[in-house]
Amino acid sequence: MSPSSGTGRATGTVRPGWSGRFYEDFTVGDIYEHPLGRTVSEADNTWFTLLTMNTSEMHFNEVYAGHSEFGRPLVVSTLTLAVAVGQSVTDLTQNAFANLGWDDVRMTAPVFAGDTLWSESIVLAVRASASRPAAGLVTVRTRTLNQRGEQVCSFRRTFYVHRRGALPADRHRPRPAAPLGLDDTP
């Protein structure tokens with residue numbers, strides 16, 4: 001942002017934020033290291049278990065889980081999967097409009113409260129849609145690692161994603177009545 005013009009109003013340029021990838025941006029073999037890690041808390045696990053009506057005490061009963069081979073509650077696997085998918089959105093599906101399926105879902109190591117998860121994806125296939133000319137299909141393989149670099153989850157996912165120009169550029173963002181200024185107070 002450049003200095004004020006003396007009027008209290010910024011003279012800089014509005015820079016749009018990251019708007020995600022479009023169909024044309026995907027190339028087979030590209031790897032996306034999704035930028036945000038997520039530490040799973042005990043509360044996350046308990047709430048997700050309750051929200052999804054999972055009645056397995058392995059996820060919310062310390063005494064019960066303490067007698068298992070793990071010695072403590074496991075994070076419910078569908079929460080691990082949900083975090084992995086969520087971590088990938090900024091790189092893969094910001095402009096998607098439909099998930100077509102998840103295949104080969106594998107939970108390869110236990111996840112516990114306090115573990116931090118990181119995900120990465122590789123593009124496996126890209127093809128134009130025969131029925132939707134403004135979109136294409138992309139297939140990726142995603143894997144999720146814990147803080148020790150151990151793979152805890154993996155899956156393949158196929159989704160529909162818009163072609164560039166198929167969506168309005170402004171995404172219906174409201175415009176302010178007055179421009180943002182350097183001297184504005186909250």
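The values are calculated or read from the model by the stated rules, or taken from the named source; none is laboratory data. Please read all numbers here as calculations on a predicted model, not as lab measurements. All Cβ positions, even for glycine, are placed from backbone atoms using ideal geometry, and neighbour counts span all protein chains on display. Accessible surface is based on the protein model in full, side chains and every heavy atom, while ligands, DNA and RNA are left aside. Shrake-Rupley method; radii C 1.70, N 1.55, O 1.52, S 1.80 Å.
Selection of the range 34-49 for residues being in a helix (DSSP H, G or I) and either touching a Leu at 6+ places or on another chain (Cβ under 6 Å) or farther than 17 Å from Pro110 by Cβ (or both) yields Ala43, Trp47, Phe48. When the residues of the range 52-68 are narrowed to those that are more than 13 Å from Phe112 (Cα to Cα) and within 27 Å of the chain's Cα centre (by Cα), which ends up surrounded by the fewest Cβ atoms within 10 Å (Cβ to Cβ)? Here the residue is Met53. The sole residue among Gly37, Gly20 that is at pLDDT 95 or above, open to solvent by less than 50 Å² (accessible area, probe 1.4 Å), within 19 Å of the chain's Cα centre (by Cα) and closer than 16 Å to Gly86 by Cβ is Gly37.
Every residue, every condition in (1) free of Cβ contacts under 8 Å to residues at least 40 places away in the same chain; (2) in a helix (DSSP H, G or I), yes or no:
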position	(1), (2)
Leu79	yes, yes
Thr90	no, yes
Asp103	no, no
Thr108	no, no
Val126	no, no
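All of (1) at pLDDT below 95; (2) in contact with a strand residue (DSSP E or B) (Cβ under 9 Å, 6 or more places away or on another chain) hold for Arg106 with one exception: (1).
Among residues that are open to solvent by 40 Å² or more (accessible area, probe 1.4 Å), more than 24 Å from Val140 (Cβ to Cβ) and among the small types (Gly, Ala, Ser), Ser77 is not included.
Looking only at the range 157-164, decide whether some residue is assigned to a loop (DSSP other than H, G, I, E, B), within 17 Å of the chain's Cα centre (by Cα) and closer than 30 Å to Leu74 by Cα. No, the conditions are met nowhere in the range 157-164.
For every residue, the table says whether it meets (1) among the acidic types (Asp, Glu); (2) open to solvent by less than 40 Å² (accessible area, probe 1.4 Å); (3) modelled with pLDDT under 95; (4) on the phi > 0 side of the Ramachandran plot.
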{"position": "Pro16", "(1), (2), (3), (4)": "no, no, yes, no"}
{"position": "Tyr32", "(1), (2), (3), (4)": "no, yes, no, no"}
{"position": "Leu50", "(1), (2), (3), (4)": "no, no, yes, no"}
{"position": "Phe70", "(1), (2), (3), (4)": "no, no, no, no"}
{"position": "Ser88", "(1), (2), (3), (4)": "no, yes, no, no"}
